[in-house]
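**Q** Have a look at this one.
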Amino acid sequence: MKRKINFNPGPATLPVSVLEQVAAAILSYEDTGISILELPHRSKAFKAIIEESKDLVRELCGIDNNYEIVWLHGGGRQQFCMVPANFLPSGATAAYIDSGYWAHEAMEYAQYYGSTQIVASSAPEQYTRLPQWPEAIPANAAFLHLTTNNTIYGTQWHHTPLSSVPVIADMSSDILSRKHDYSQYALFYAAAQKNLGTPGVALAVIHKDLLKTANKQLPPLLSYAAQVQQNSIVNTANVSGIYTALLMLRWIKNTGLYVIEADNLSKAALLYNVLDNSTIFKARVAETTHRSLMNVCFTATSKQHESALVALCEENNIVGIEGHRHTGGFRVSLYNALPLHDVALLAELIQAYERSI
Ligand code: PMP
């Protein structure tokens, strides 16, 4: 069956070469004679998958041995729980930057554990821009939580100023999409289903200094320290999901992070340029320096134009361009595995439609 051009926001398109390797491993993982779906989580073969994936994360993120790396269950939202469970002691407060839906939800999850404070918000502008970086973070804040790419509203922090308290970053929708200074974070995490593979898995990278401060009274499954100590195998790990993430990491390394970054810039520039020159479609985010390279969100001037573009996409084998239920309109996700020529096709369709009316 012909593959669709897939602009979904996550689970998202994966490189065909990765899919082929996963398909082969489902029949037999390397020379083990059993499927990756059957591979024991305490086997030597899985230990090797974990070790290679950690080495690649360290290399691609450019972080040293002061960071610990773990693969966890529960996608992004479980990190919304684990971060405050581990690092928000009673009596302290946590500072959150409210830059979109996920940023806000991360904070709501933290409120089950302790007190939180919004230190910057673009909610009054319906998240169509990034908030001003806070001038001061409360000195008693245990950490500052930041969402580097706002998947639903299409904004992205391209540079983040230094902070006086440890910064914890949700990088679910832009991890390893560009060269980046990962060492500015005390902890960063990402749900895997965008640039790192398949849903249900999350990567977390934690600085040892922060880890020393973690709550020791947690069930091991929710404790970063226990997960580090048991090398991500506190319970039965998501073997196939972590293997897929390893294949994605190898693909990123072989492609090269600079090439990926340049491609991501080209893809986003192509689409934003078409939108900025359109009289029918309009990017949600006007401020160019706030625009996401990963999720391009836009609206049409009328329902009729909106339906026409949806129909055109259907005719042309394109899926996944609908905006999130909170925003409506369109959202085109341009993660690493999405090729430039797919974006060029969408850009041509938009321009051809515009010429035809
Ligand atoms: N954070 C961000 C930035 C996201 O985009 C998402 C999901 N799209 C999440 C967290 C939540 O991830 P999950 O559905 O795996 O809980």
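The values are calculated or read from the model by the stated rules, or taken from the named source; none is laboratory data. Model, not experiment: these values are computed from the prediction. In this analysis, Cβ positions are derived from the backbone assuming ideal geometry, glycine residues included, and neighbour counts consider all displayed protein chains. Note: accessible area is taken over every heavy atom of the protein model, side chains too, but ligands, DNA and RNA are not part of it. Shrake-Rupley method; radii C 1.70, N 1.55, O 1.52, S 1.80 Å.
**Q** First measure r as the distance between the Cβ atoms of Leu218 and Thr279, then evaluate 1/(1 + (r/R0)^6) with R0 = 51 Å and state the FRET efficiency to the nearest 0.05.
**A** FRET efficiency, Leu218 to Thr279: 0.40.
**Q** Running a GNM on the chain with Cα contacts under 10 Å, which residue among Pro89, Pro219, Pro40 ends up with the highest mean-square fluctuation?
**A** Maximum fluctuation in the GNM of the chain, among the listed residues, is at Pro219.
**Q** Continuing with this model, one more query. Which GluC sites (Glu not before Pro) in region 87-142 pass both tests, a DSSP loop state and at most 11 other beta-carbon atoms within 10 Å?
**A** Passing both the DSSP loop test and the Cβ count: Glu135.
**Q** Per-residue HN-Hα couplings for region 242-256, Karplus 6.51 cos²θ - 1.76 cosθ + 1.60 at θ = phi - 60°, whole Hz, x for Gly and Pro?
**A** 6, 4, 4, 4, 4, 4, 5, 5, 4, 5, 5, 5, 5, 6, x
**Q** Here's something else I'd like to know. Give me the distance between the Cα centres of region 87-114 and region 322-357, rounded to whole Å.
**A** Between the Cα centres of region 87-114 and region 322-357 lies a distance of 33 Å.
**Q** Something else now. Which whole number of Å³ per residue matches the convex hull of the alpha-carbon atoms in the chain?
**A** So the per-residue Cα hull volume is 130 Å³.
**Q** Tell me the per residue accessible area of region 256-356 using a 1.4 Å probe; a whole number in Å² is fine. Mind showing how you got there, number by number?
**A** Working: 4560 Å² over 101 residues.
Ligands and nucleic acids excluded, the figure is 45 Å² per residue.
**Q** Still on this structure, I have one more. Using +1 at the Cβ of each Lys and Arg and -1 at the Cβ of each Asp and Glu in the chain, identify which of Gln156, Val274, Val319 lies farthest towards the dipole's positive end.
**A** Working it through, the farthest residue towards the positive pole turns out to be Val319.
**Q** Highest first, please rank the peptides 61-71, 303-313 by the mean number of other Cβ atoms sitting within 10 Å of their residues.
**A** On the way: 61-71: 17.4, 303-313: 15.2.
Descending mean neighbour count gives 61-71, 303-313.
**Q** So if R0 is 41 Å, what FRET efficiency would Glu59 and Gln304 give, r being the distance between their Cβ atoms, rounded to the nearest 0.05? Mind showing how you got there, number by number?
**A** Numbers: r = 50 Å, r/R0 = 1.23.
E between Glu59 and Gln304, to the nearest 0.05, is 0.25.
**Q** While we're here: How large is the dipole of the chain about the Cα centre if only Lys and Arg carry +1 and Asp and Glu carry -1, each at its Cβ, rounded to the nearest 20 debye? Don't skip to the answer; put the middle values down first.
**A** Details: 26 positive and 30 negative charges, 59 e Å.
That gives the chain a dipole magnitude of about 280 debye.
**Q** Mind ordering 326-337, 4-15 by average Cβ neighbours within 10 Å, highest first? List each step's numbers first, then the result.
**A** Numbers: 326-337: 22.0, 4-15: 20.3.
In decreasing order of mean packing, 326-337, 4-15 become 326-337, 4-15.
**Q** Over region 2-119, give the accessible area per residue in Å² for a 1.4 Å probe, as an integer.
**A** That works out to 46 Å² for each residue.
**Q** Here is a follow-up. Between Gln184 and Ile233, what's the calculated FRET efficiency when r is the beta-carbon distance and R0 is 30 Å? Round to 0.05.
**A** Numbers: r = 29 Å, r/R0 = 0.98.
Efficiency, from the Cβ-Cβ distance: 0.55.
**Q** Related question: At a 1.4 Å probe, what is the % contribution of carbon and sulfur to the accessible area of the chain?
**A** 53 percent
**Q** Further, regarding this structure: Which of these, Ser232, Ser43, Ser53, has the largest mean-square fluctuation under a Gaussian network model of the chain (Cα springs below 10 Å)?
**A** For the chain, modelled as a Gaussian network with Cα springs under 10 Å, the answer is Ser43.
**Q** For a quick check, take a GNM of the chain with Cα springs below 10 Å and name the residue from Val259, Val296, Val239 with the largest mean-square fluctuation.
**A** Val259
**Q** Summing +1 for each Lys or Arg and -1 for each Asp or Glu, what net charge is found among the other residues whose Cβ lies under 15 Å from the Cβ of Ser99?
**A** Net charge around Ser99: -4.
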